[in-house]
Amino acid sequence: MLTIRSLTKRFPGTLALDDVRFDLRAGEVHALLGENGAGKSTLIKCLTGAYRPDGGEIRLDGAKIAPRSTSEAQELGIGTVYQEVNLLPNLTVAQNLCFGREPRRAGMIRTRAMTRAAQDMLDPYGLDIDVTRDLGHYSVAIRQIVAIARAVALSGKVLILDEPTASLDAREVKMLFDVVRGLKARGLGIVFVSHFLDQVFDLSDRVTVLRNGRHIVTEDIAALDRLSLIEHMLGHALETEVADHATSHDAVIARPEMLTFRGMGRAGVVGPFDLDVGQGEVVGLAGLLGSGRTESAEYLFGLRSGGTAEDIKGPIPIDTPRKAIAAGFGFAPEDRKTDGIVAELSVRENIALALQARRGWARPMPRAEQQRLARMYIERLDIRTSDAEKAVGDLSGGNQQKVVLARWLAMNPRFLILDEPTRGIDVGAHAEILRLIHELVGEGMSLLVISSELDELIAVADRVIVVRDRAHVAELTGAEIRADTIVRAIARHDEIGEVA
Ligand SMILES: Nc1ncnc2c1ncn2[C@@H]1O[C@H](COP(=O)(O)OP(=O)(O)OP(=O)(O)O)[C@@H](O)[C@H]1O
Ligand SMILES: [Mg+2]
């Protein structure tokens, strides 16, 4: 259905695509894999007209195409959902779904017809939401599904999903995969980009691996196992398995007490809950999306106010993020696009940003100092960038995530909250970040890690708190920290089968 030959795309200082080939059959899910910065999103953007390739050809149903814009690509039959949802949060769900194709009579938008059309579009997804409310009112997960519904409705042949599941929880992933299988049965060709290898094995028929902008391999998924796939991606075997660094859960380790939170939260949002965090302790927060995990973190960091905090010296004010930062807290949020990076600023400036804010803008940090910091974290986190002066918006998604992490690490906080720290990050860097977490807590930093990936929580946490229906419902320590116990606590008893 779709064939790509010798595709080349150059950016200043980077050859993002180097003589790449790719093809897609009708009725298949073809996974596109590779490390952060391998060129996946660039390939997709060439397909959808967001970028003009420097060379090569793209054929759809045998005919050469060169889309100049996303809307032209859509008309040709290629629809895309990017890893960063790019719908408009202050329009309603229906307006987002029908944007540009609103049902009209005598020039006027027919609101009721639009509402009905939007409901019909969402129907196959099992999403029962009020389409007349603003999209921004809904979770990232729902926004993602709305974006997919829009892309499917607009284009008939090829659907491209660039990390669609990065912010979905287990149930939502299952729902989405059912939808994708349905579309596949209808003969759509689907390109699937993901860093979750389990999902790749679950959903795909074939895989293509890119590395440093080059085509490495295309294979039936059945012919590959996990390790060989990782080897293709990295160019070598994954040297250190995460398990080697896993926290030992044999004994419950007593930690010097550091922070006490009391009465955090507010009825209707989450909690109220109490939390004690020891020095060098990693507290994991598990729960489904929307359970109150992120809200819990927002109270701890002063993004919402309610509750009190104390250390051994006495009460510490944390009712605003500024005060929380002054108290040595840090928070790397889940939605990096809106809360994380400043796309126009350089990697160096983004890393120095939080530190500069703490020093006060009256005392600018010397450039040499900023450069030293940037160089250190570019190396430590393996941030793939041509140099420290590149605008963060021009980095690949996973590398942007690493910059957010670097910014907070540079602050050397005593208590750091990481909301989905490895979302969108490739397997190699994932292991690297878990290793770094261990190093930091070894130096006495305390962490609160929110994650949908149970393996990750099990690997890093000394204690796992389970959040369900906006309350902290269970606390697991030592040998209790296992996938089955966490799943059981996340699910209500009668739901276990469904969630597991
Ligand atoms: N607009 C741009 N300007 C300059 N360089 C860019 C631009 N877009 C991408 N690049 C560079 O091209 C390379 C490939 O990036 P791309 O976004 O395609 O990676 P990716 O495989 O999607 O990675 P990830 O898994 O992190 O999303 C990177 O080195 C990136 O910095
Ligand atoms: Mg990408």
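The values are calculated or read from the model by the stated rules, or taken from the named source; none is laboratory data. These figures come from a predicted structure and were not determined experimentally. FYI the Cβ positions are ideal-geometry reconstructions off the backbone, even for glycines, and counts take in every protein chain you see. Please note that ligands, DNA and RNA were not included when accessible areas were found on the heavy atoms of the full protein model with its side chains. Shrake-Rupley method; radii C 1.70, N 1.55, O 1.52, S 1.80 Å.
List of remarks:
- Counting DSSP beta bridges with both ends in the chain, the antiparallel % (nearest 5): 55
- Amide H to amide H distances under 5 Å link ILE316 with ALA309, GLU310, ASP311, where only residues 5 or more positions off or on other chains count and H is placed in the peptide plane.
- DSSP assigns beta bridges within the range 2-234; of those with both partners inside it, close to 60 percent run antiparallel.
- Rotationally averaged projected area of the range 1-156 (alpha carbon convex hull; nm²): 10.9
- In degrees, nearest ten, helix 427-442 long axis to first principal axis of the chain (Cα): 10
- Close amide H pairs (under 5 Å, H built 1.01 Å from N) link ARG211 with ILE216, residues at least 5 positions away or on another chain.
- Once all protein chains are placed together, LYS40 keeps about 10 Å² accessible to a 1.4 angstrom probe.
- Computed over the range 2-234: relative contact order in percent, which uses C-alpha pairs under 8 Å that are six or more apart: 29
- Probe 1.4 Å, accessible area per residue of the range 243-499, Å²: 42
- Lysines whose Cα lies under 29 Å from that of LYS184, excluding same-chain neighbours fewer than 8 positions away: LYS40, LYS45, LYS64, LYS157, LYS174
- Eligible lysines near LYS402 by straight Cα distance, threshold 17 Å, same-chain separation 8 or greater: LYS337, LYS390
- Ignoring aspartates and glutamates fewer than eight residues from LYS9 along the same chain, the ones with Cα atoms less than 20 angstrom from its Cα are ASP18, ASP19, ASP23, GLU35, ASP54, GLU57, GLU72, ASP162, ASP387, ASP394.
- The listed peptides 299-306, 313-320, ordered by packing as a protection proxy, come out as 299-306, 313-320 (highest mean of other Cβ atoms within 10 Å first).
- Both radii come from the Cα set of the range 263-340: Rg as radius of gyration, Rh as Kirkwood radius; their ratio Rg/Rh reads 0.95.
- Under 5 Å from the amide H of GLY271 lie the amide H atoms of ALA471, HIS472, each residue being 5 or more positions distant or on a separate chain, with H modelled from the backbone and absent for Pro and chain starts.
- Kirkwood Rh and Cα Rg combined as Rg/Rh, the chain: 0.97
- Taken over the range 116-170, the ratio of Cα radius of gyration to 2.2 N^0.38 Å equals 1.13.
- Global form of the range 71-150, assessed from the alpha-carbon gyration tensor, a/c cut-off 1.5: oblate
- Computed from point charges on the beta carbon alone (+1 for Lys and Arg, -1 for Asp and Glu), the dipole magnitude for the range 2-234 about its Cα centre is near 900 Debye.
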